[in-house]
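Novice: Take this structure, written in structure tokens, and hold onto it; I'll ask about it next.
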Amino acid sequence: ENDKKALVEAQKALKEVIGDLKKVDGYKKTDRVVCGGCMDFKVITSLPADKFNAWSDAKFAPEEAFLAKLKAIPGISQVETQTYTLMPVE
């Protein structure tokens, strides 16, 4: 039950920063992936590769504020980030 409350709070935290994410130069979209079984909450923000370095130089703002919000939520035990490339497969 507490884990599900944590997922709800994580969604609220995402809603608080989504406006700032949408202002990132080159912003394409943000996807949220939730697994109700293992209680994973993942956020994937996409932008073109040529805009990545500028966002990296800006410390992926608003990532720091979002991560702090997540870490403050009771029931969240692990917060981490990962950078990767997504490509469609045809």
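The values are calculated or read from the model by the stated rules, or taken from the named source; none is laboratory data. Source: prediction; values computed, not measured. Neighbour counts run over all protein chains shown; Cβ positions are idealised from the backbone, glycine included. These accessible areas exclude ligands, DNA and RNA; they are computed on the full protein's heavy atoms, side chains included. Shrake-Rupley method; radii C 1.70, N 1.55, O 1.52, S 1.80 Å.
Novice: Are any residues in segment 28-42 open to solvent by 50 Å² or more (accessible area, probe 1.4 Å) and within 10 Å of the chain's Cα centre (by Cα), and if so, which ones?
Specialist: Matches in segment 28-42: 31, 32, 33, 42.
Novice: OK, next. Output the number of the condition that residue 14 fails; it satisfies all remaining conditions of (1) open to solvent by 40 Å² or more (accessible area, probe 1.4 Å); (2) within 10 Å of the chain's Cα centre (by Cα); (3) of a type in the set (A, V, I, L, M).
Specialist: (1)
Novice: I'm told residue 55 meets every condition in (1) part of a loop (DSSP other than H, G, I, E, B); (2) within 15 Å of residue 23 (Cα to Cα) except one. Can you identify the failing condition by its number?
Specialist: Status for residue 55: all satisfied but (1).
So that you can scan it fast, the table gives a plain yes or no per residue for (1) surrounded by 10 or more Cβ atoms within 10 Å (Cβ to Cβ); (2) part of a loop (DSSP other than H, G, I, E, B); (3) touching a residue at least 60 places away in the same chain (Cβ under 8 Å):
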residue	(1), (2), (3)
26	yes, yes, no
45	yes, no, no
60	yes, yes, no
65	yes, no, no
70	yes, no, yes
75	yes, yes, yes
